[in-house]
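Read the structure below first, then the notes.
The values are calculated or read from the model by the stated rules, or taken from the named source; none is laboratory data. What you are looking at is a predicted structure, and each value in this text was computed from that prediction instead of being measured. When we count neighbours, we look across all protein chains shown, and the Cβ atoms used for this are built from the backbone with ideal geometry, even at glycine.
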Amino acid sequence: MRYILLLMFIVGGFVESTAQLSQRQYLSGKGKDDGVLWDFMVSEGMQAGQWTKIPVPSNWELQGFGKYNYGFNKEANKGKEVGNYKYNFVVDESWEGKLVNIVFEGSMTDTEVRVNGQLAGEIHQGSFYVFKYDISKLLKYGSTNTLEVRVSKHSANKSVNAAEREADYWIFGGIYRPVYLEAVPKDHVARLSIDAKADGTFRSKILTQGNGDYITVQLFDAKGKKFGKIQKVDITGDSAWVTTNYKSPKLWSAEFPNLYTAHVSLIKNGKKIHEKIQKFGFRTVEVKERDGVYINGAKIKFKGVNRHSFHPESGRTTSKAISIHDVKLMKEMNMNAVRMAHYPPDNHFLEVCDSLGLYVMNELAGWHGHYDTEVGSKLLYEMMHVSDNHPSIIFWANGNEGGHNPELDHIFFEEDIQKRPLIYPWAFYGGFETTHYREYNYGIGSYDHGHNIVMPTEFLHGMFDGGHGAGLEDYWKAMWQNPLSAGGFLWDFQDQGVVRTDKNGIIDTDGNHGADGIVGPYYQKEGSFYTIKEVWSPIFFEKREMTKGFDGNFSIENRYSFTNTNQCTFNFELKKLGTFENDLGNKKGAIKAPNILPYDKGVLAVDLPEDWLAYDVLYLTANDPSGHEIFTWSFPISRPADVADHLIQRTGGDIQVQQTAAAFQITANGISYTFNKKTGLLEEVRNKKGIIPFANGPVIEEAKTNFKGFNLTQEEGRVIIESTFDKKESYNTLRWEIMPSGQLKMHVQYFPEAYFTRYVGVNFSFPEDKIKSVEYMGNGPFRVWKNRMKGNQFGVWKKDYNDVATGEVPFEYPEFKGYHSNMYWTKFNTTEQSFLVFTDREDIFLRLFTPKEQKDTDWKNMEPTFPKGDISFMNGISAIGTKTQKPETTGPMGMKHVYYDFEKEPKRALHMVIYFDFSGN
């Protein structure tokens, strides 16, 4: 025992081993799912003027109180209600003599607090900040206390409303984040700030309150093992500085979020009287002028998204489970960064970013307006005091889109001992150009052609199906290749659709204002989700065609910053594709991970079996060091001609031919066709079950349907109906072949009408109310646009009919209607029967009807164009714009197709070959 006591004394002086940690008593729940009922009355709107109960935390609108309004609402429609809360609680007698604070993690907006009838302090203004009052002298220990809180949805301070109540998002009211009591000894550690660098340098500023002799600091690693020696420093006044160095710490990054814990203890008279525990990470953030942002010595491209604190059923009230879910979903898209839009998040969200690994831009609220200096200073202190130790925070942001108050800048620099960079979103500041929604090739002497670090804090504004994935591939190619680019942040993560308690539970996005997400209100994944996942994959595959000479080597690039590809895992799967529910066989295998350093290129060698050419598709999957899928790439092996060869039926009986003055009528194997003699268009299809309402085609878009001079001939048991080529009058040609099996082959040779064309292909009519589903072989399951081709996989897919608009109730994905790429065959399931189409040509797009326009959407800007007709087979499809950009300004892929051939030479014509099987089998 004497040996143990002597050892403890040698280590740092005799210290009593038991210390007082801060104690916490929740008066509310901790999130959206465990709210505690308080007495409540709201001044106007729903359920106004009557005392009832409300869960805390919550936004009162989502609980059926007050009035909903979006930030853009006109003054007359703004909800300015006041909520009154009451709650009784008991504080244990053992807390008497301690400092007891009541802590509010967030309240919207002006908040007046009374305990046992007495004001706790001045009214707090500002919605998104942790604030507290010392109520030690107001409490009755061991007996019942009464808490009364008065919350005004809009502030009495105009600058607060300008910064956060008149913004482009839902404006809610109420105590929406947790409320708790916090007890600490009179002498305690009040605050600590940590600056831990990648080289092991450790600095900490520790503020104390009351009296103490010295401070000790002991670090622990993620397994709870002591890391380094205990540090002891004296207190000067009310502060102490710890400066030391640790050998070979594990570094924090978004790829490897290694965390340590600092145990900071206040020692008085040889006793540990208070201990504060703080998680942190060793990492260095450096901005090099006219170069980029470096983390731990590696230059970073931020693959980020903007994120609101939001849930459709609870508004801004969330939970740690939601934070974990959101961060995992972002990392599933291969994102490495998130910007807080447009206010500080819940503390647990930052904790999750620390532990799971995301780079964070934390933002003082502001949106085209900013806080005045007096209120803004107070709120900024509150923001930094609770978040400055999070290693995930790489940037601070002072407001948004003009909502910057430069008089606050000095506080960021003075309070943050890490000296993290400060950003002005949508502005030039601090060597950064962050302008929002600039066109792909924007700027003369600025942006992509300037000298600042380019990092748009918002780009590719999502709405309907535009933005996010549409245009991202072009933008990312430019960003990746530009040494001055530090990446950027998409707008935004989630559709802000709230469940309206005043409208029978409908989900409301306030028209198109809140429907800007990559995922729906309940995290329904749009097609862009998977496009982002592929485009932002840290393992990049060069394009590869599967041919007989393929040696199994794929050229890849390691776009990680810290991860060697040999820390990842790879596997392959070969498949023979049959129907949607029945593959015809597969083979799987592991692939040896290559040794490729970050930002280097190399080869992934796949040892395929000798019979690999007998399969239809090869899938390659990469998993990160934690075992999570990075992406699964698909490489078709079979070509459309190979598949078509198996689908063509070469047997049958005689073909009957009848002609009228207006039509060719052909019958083969029980299937009858009627073709217009003058135009050559298919007018009717009939089989044993009846008429199949697929007709009125092929009509060419965008070109002239100028087929003329049709002749009927018979060749080798087939009937041929073919137009005559004329360089001036009928340069587009159509050839029908009716086979003895009853199958029909269409071959159209055509020339687009204009040099620039939105789309090219052929159309047919089909009544939309007759379609039930399609099953097809091609890329799926999501529709595509010319500027959003990535994210799908090659396979056999089945899609049931729906008539949904992206970003709108019912948020059902994948959408049925639209363009689908790399079609081999499609089976159309109608209300009466089925029919099959297939092709022997590569790169054919299938168009299924015209998607419904989203409500309140300006399609003129987005220009998602579709040809006439209902079902089309296309050689080229249109791009789509964003909420702020036309398609052509999202990059080269967003431009119209360019087709040059004024001479109308047949050998230069586009070809569309489609086979039809109307047997109904």
(request) For the range 703-712, state whether one or more residues are within 19 Å of Glu684 (Cβ to Cβ), in contact (Cβ under 8 Å) with a residue 60 or more places away in the chain and assigned by TED's automatic domain parsing to the domain that holds Ala663. (result) no
(message) Considering only residues that are assigned to a strand (DSSP E or B) and in contact with a Ser or Thr (Cβ under 7 Å, 6 or more places away or on another chain), which ones fall in the range 28-40?
(response) Val36, Phe40
(request) Tell me, yes or no, whether the range 664-685 has at least one residue that is in a loop (DSSP other than H, G, I, E, B) and aromatic (Phe, Trp, Tyr). (result) no
(message) I'm trying to understand the selection: among the residues of the range 529-549, which are in a loop (DSSP other than H, G, I, E, B) and over 13 Å from Val603 (Cβ atoms)?
(response) Trp536, Ser537, Pro538, Lys543, Glu545, Met546, Thr547, Lys548, Gly549
(message) Suppose we filter the range 758-778 for residues that are closer than 30 Å to Thr889 by Cα and either hydroxyl-bearing (Ser, Thr, Tyr) or free of Cβ contacts under 8 Å to residues at least 60 places away in the same chain (or both); how many remain?
(response) 1
(request) Only residues that are closer than 21 Å to Ser309 by Cβ and among the charged types (D, E, K, R): list them for the range 40-66, please. (result) Glu61
(message) Can you pull out every residue in the range 240-252 that is assigned to a strand (DSSP E or B) and either charged (D, E, K, R) or over 14 Å from Val217 (Cα atoms) (or both)?
(response) Leu251, Trp252
(request) Taking only the range 558-599 into account, find how many residues are modelled with pLDDT of 95 or more, of a type outside the set (Lys, Arg), surrounded by 15 or more Cβ atoms within 10 Å (Cβ to Cβ) and in a loop (DSSP other than H, G, I, E, B). (result) 11
(request) Sort out which residues of the range 797-823 are touching a strand residue (DSSP E or B) at 6+ places or on another chain (Cβ under 6 Å), in a loop (DSSP other than H, G, I, E, B) and within 17 Å of Ile877 (Cβ to Cβ), and write them in order of number. (result) Phe816, Lys817, Ser821, Asn822, Met823
(request) State yes or no: is Thr244 surrounded by fewer than 17 Cβ atoms within 10 Å (Cβ to Cβ), of a type outside the set (Gly, Ala, Ser), closer than 22 Å to Val285 by Cα and not assigned by TED's automatic domain parsing to the domain that holds Pro625? (result) yes
(request) Report yes if some residue within the range 828-837 is at pLDDT 95 or above, under 26 Å from the mean Cα position of the chain (by Cα) and hydrophobic (A, V, I, L, M, F, W, C); otherwise report no. (result) no
